[in-house]
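Presented below is the structure to which this report refers.
The values are calculated or read from the model by the stated rules, or taken from the named source; none is laboratory data. Treat the numbers as computed from the prediction; the structure is a model and nothing was measured. Counting neighbours? That spans all protein chains shown, and the Cβs are built from the backbone with ideal geometry, glycine included. Calculation scope for accessible area: heavy atoms of the full protein, side chains included, ligands and nucleic acids excluded. Shrake-Rupley method; radii C 1.70, N 1.55, O 1.52, S 1.80 Å.
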Amino acid sequence: MSNFSERVLKIALSIPSGRVATYGAIARAAGGGGQAARSISAILGKAYDKGERGIPFHRIVYSDGRVWTGSSYDAKRKKLYKHEGIEIDKKGRIENFGQVRLEFK
């Protein structure tokens, strides 16, 4: 795993319950450039495949507050969002995005 990938994983694992971070915020915090956000899912997917099961994928969202769900993850993720106080509208966007969005310093 590269240094950038290690930083991405560490940052993703640090997102607390009830908060979300965008792909771009994670990429910037890990030292990546403008296109680095596109690599976040692949990096975290590889870490998961190598045994890192604690990645909070549901807490990583698009810059406009949309959440990623798929048919096999939808029900589980909706439960997680509800449990953590993250409100999702009918269009799949976080209603309280401004309140729960985490920016890294």
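A few comments on the model shown:
- Cross-link check: pairs LYS50/LYS90; LYS10/LYS50; LYS46/LYS90; LYS10/LYS90 evaluated at a Cα-Cα cut-off of 24 Å; pairs beyond the cut-off: LYS50/LYS90; LYS46/LYS90; LYS10/LYS90.
- Fully extending the segment from GLU52 to GLU95, taken as 0.36 nm per residue of separation minus the present Cα-Cα distance, adds 12.5 nm.
- Residues with amide H under 5 Å from that of ALA21, placed H, sequence gap 5 or more: ILE60, VAL61, LEU102
- Within segment 13-46, backbone nitrogen closer than 15 Å to the virtual label 7 Å beyond the Cα of GLU6 toward Cβ: 30-31
- In the chain, the calculated helix contribution to ellipticity at 222 nm averages -11500 deg cm²/dmol per residue, counting -39,500 (n - 2.57) for every DSSP H run with n ≥ 4.
- Of the options [x] 101; [y] 186; [z] 87, only one is volume of the Cα convex hull per residue in Å³ as computed from these coordinates, and that is [x].
- Amide H contacts of ASN96 (H built 1.01 Å from N, under 5 Å, at least 5 apart or other chain): GLU87
- Calculated accessible area for the chain comes out at 62 Å² per residue, all protein chains present (probe 1.4 Å; ligands, DNA, RNA ignored).
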